[in-house]
1. Determine if the stretch 122-141 includes at least one residue that is open to solvent by 40 Å² or more (accessible area, probe 1.4 Å), touching a residue at least 60 places away in the same chain (Cβ under 8 Å), assigned to a loop (DSSP other than H, G, I, E, B) and closer than 17 Å to Pro21 by Cα.
2. Looking at this structure, is Gly8 open to solvent by less than 90 Å² (accessible area, probe 1.4 Å) and either in contact with a strand residue (DSSP E or B) (Cβ under 8 Å, 6 or more places away or on another chain) or modelled with pLDDT of 95 or more (or both)?
3. Which condition number in (1) touching a residue at least 40 places away in the same chain (Cβ under 8 Å); (2) in a strand (DSSP E or B); (3) over 21 Å from Ala24 (Cβ atoms) is the one that Ile37 fails?
4. Can you find a residue that is of a type in the set (A, V, I, L, M, F, W, C), assigned to a loop (DSSP other than H, G, I, E, B) and in contact with a strand residue (DSSP E or B) (Cβ under 9 Å, 6 or more places away or on another chain) anywhere in the stretch 103-114?
5. Do we have any residue at all in the stretch 64-71 that's in a helix (DSSP H, G or I) and closer than 16 Å to Ala38 by Cα?
Amino acid sequence: MDFTVVKGMQSEIFVPVTPPPVWAPVTKPLKDMVVAIATAAGVHHKDDKRFNLAGDFTFRIIKDTMPSSELMVSHGGYDNSDVNKDINCMFPIDRLHELAKNGVIKGVAPVHIGFMGGGGNQEKFKNETGPAIAKILKDEGVDAVILTAG
């Protein structure tokens, strides 16, 4: 992988070099899959505790029964004003329901996950937060996950 370096340019936040992704094999057709969303965009229910904008390794469970109008973003790494006007631009939950209604997917998972990406301790996320999220989704019978960034 090539990186472009511009002298004198520096991020205001720590940006780690992330490890390569781990892919799980696809074992069934999309029409037979229950699909969840996991987002690093800082999405959560309006009544949930906001993410710590200085760095946060926690996550929020987003129940599928929550209307999209009840979701919001707290994330310090990007301008989230447009996302807070239409959560679907970063967390396409209403579109996912349309796919289920049209038979493109078997169904929408009962829970989704929101967390705040953008740096921090990658080891902690890889060894603690990530496995905890994976266990929740696996226990809920999720076959596939749509990942979105912030």
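The values are calculated or read from the model by the stated rules, or taken from the named source; none is laboratory data. Keep in mind it's a predicted model, so treat the numbers as computed, not measured. Virtual Cβ from ideal backbone geometry, glycine too; neighbours counted across all protein chains shown. Calculation scope for accessible area: heavy atoms of the full protein, side chains included, ligands and nucleic acids excluded. Shrake-Rupley method; radii C 1.70, N 1.55, O 1.52, S 1.80 Å.
1. no
2. Details: open to solvent by less than 90 Å² (accessible area, probe 1.4 Å): yes; either in contact with a strand residue (DSSP E or B) (Cβ under 8 Å, 6 or more places away or on another chain) or modelled with pLDDT of 95 or more (or both): no.
Against the criterion (open to solvent by less than 90 Å² (accessible area, probe 1.4 Å) and either in contact with a strand residue (DSSP E or B) (Cβ under 8 Å, 6 or more places away or on another chain) or modelled with pLDDT of 95 or more (or both)), Gly8 does not qualify.
3. For Ile37, the exception is condition (3).
4. yes
5. Applying the first criterion (in a helix (DSSP H, G or I)) to the stretch 64-71 yields 68-70.
If we keep only those that are closer than 16 Å to Ala38 by Cα as well, we get 68.
Scanning the stretch 64-71 turns up at least one residue that is in a helix (DSSP H, G or I) and closer than 16 Å to Ala38 by Cα.
Here is a yes/no grid of residues against (1) touching a Pro at 6+ places or on another chain (Cβ under 9 Å); (2) under 24 Å from Pro131 (Cα atoms); (3) open to solvent by 50 Å² or more (accessible area, probe 1.4 Å):
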{"residue": "His45", "(1), (2), (3)": "no, yes, no"}
{"residue": "Lys49", "(1), (2), (3)": "no, yes, yes"}
{"residue": "Leu53", "(1), (2), (3)": "no, yes, yes"}
{"residue": "Val73", "(1), (2), (3)": "no, yes, no"}
{"residue": "Asp82", "(1), (2), (3)": "no, no, yes"}
